[in-house]
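The values are calculated or read from the model by the stated rules, or taken from the named source; none is laboratory data. Everything numeric here is computed off the predicted structure, so don't read it as measured data. Reconstructed Cβ throughout: ideal geometry from the backbone, glycine too, with neighbour counts over all protein chains shown.
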Amino acid sequence: MADTNSTLSLVYPKNRKFRNLLGQRYGKLLIIQFAGQNKFKKSLWLCACACGTPCTYVGASILNGRITTCGCSKHYANFRHGQCTDAMKEMTPEIRAFYQAKQRCINPNLPEWDNYGGRGIEFRFNTFDEFFAELGKRPSAQHSIDRYPDNNGHYETGNVRWATRVEQQRNKRNNIFITFQDKRLTAHEWSDITGINVATIYIRKSRGWCDECCVTLPARFTGGQIRCPHILTPTPLEIRKNV
């Protein structure tokens, strides 16, 4: 499953007393993500301290002023690469993406946990500097973190990129991949290249067609042509029809 970091689909508690703290600053803490609830049904919030340390606290403890830092005695950190503004030290999209991707892999309270840490995905960047050196600045507001080329792999060097929503949709686990002329692409990508409707490619693949015929034969061959021209054995559909 692809990743979307700039705007997360979070499940907030259905409670009239719930207060959304996302994006607010309390002391040295900037609230960057809802982190689920603890065993007492108290809302948890992922925060980024000005010293650069991520931390998770109960919302009530932040609101009443009991907690204003991660516990450090440092002043505002001087992030490299100009990642914090001098005036407000606000979190940039790159730092936010770093914290959120890490939390998806280590925090079982998050709604997204099952698709990340819950299935073995690991966050292998030890520092933000390593993360930023690999990815650089986010190209635009339409880009977010994507694990590529191995969507089942970890967040690590060589397997992350900034990607648009369209690119991430084409990197989902349930996509159909077709290999032809040493190119392994999704059905959507082959449709863009060949002009063959993506639904036609999906139908051919479901009927057991070879990859070459799926993306080379004109669409007129699909309607009455159940069997791939390169396959002599009957397909399961043909066997059922002849029973």
Out of (1) in a helix (DSSP H, G or I); (2) touching a residue at least 24 places away in the same chain (Cβ under 8 Å); (3) over 16 Å from Pro54 (Cβ atoms), the odd one out for Ala133 is which? (2)
Pairing a residue in segment 56-81 that is modelled with pLDDT under 50 with any residue that is among the aliphatic types (A, V, I, L, M), where Cβ atoms lie under 6 Å and the two sit 6 or more apart in sequence or on different chains, gives Tyr76/Ala50
Whether any residue in segment 199-210 is β-branched (Val, Ile, Thr), modelled with pLDDT under 75 and farther than 17 Å from Lys183 by Cα is what I want to check. no
Within segment 90-103, can one find any residue that is modelled with pLDDT of 85 or more and over 23 Å from Gly23 (Cα atoms)? no
Pairing a residue in segment 4-24 that is surrounded by 13 or more Cβ atoms within 10 Å (Cβ to Cβ) and at pLDDT below 70 with any residue that is of a type in the set (Val, Ile, Thr) and not in a loop (DSSP other than H, G, I, E, B), where Cβ atoms lie under 8 Å and the two sit 6 or more apart in sequence or on different chains, gives Asn5/Ile145
Has segment 154-166 got any residue that is assigned to a helix (DSSP H, G or I) and within 23 Å of Cys214 (Cβ to Cβ)? yes
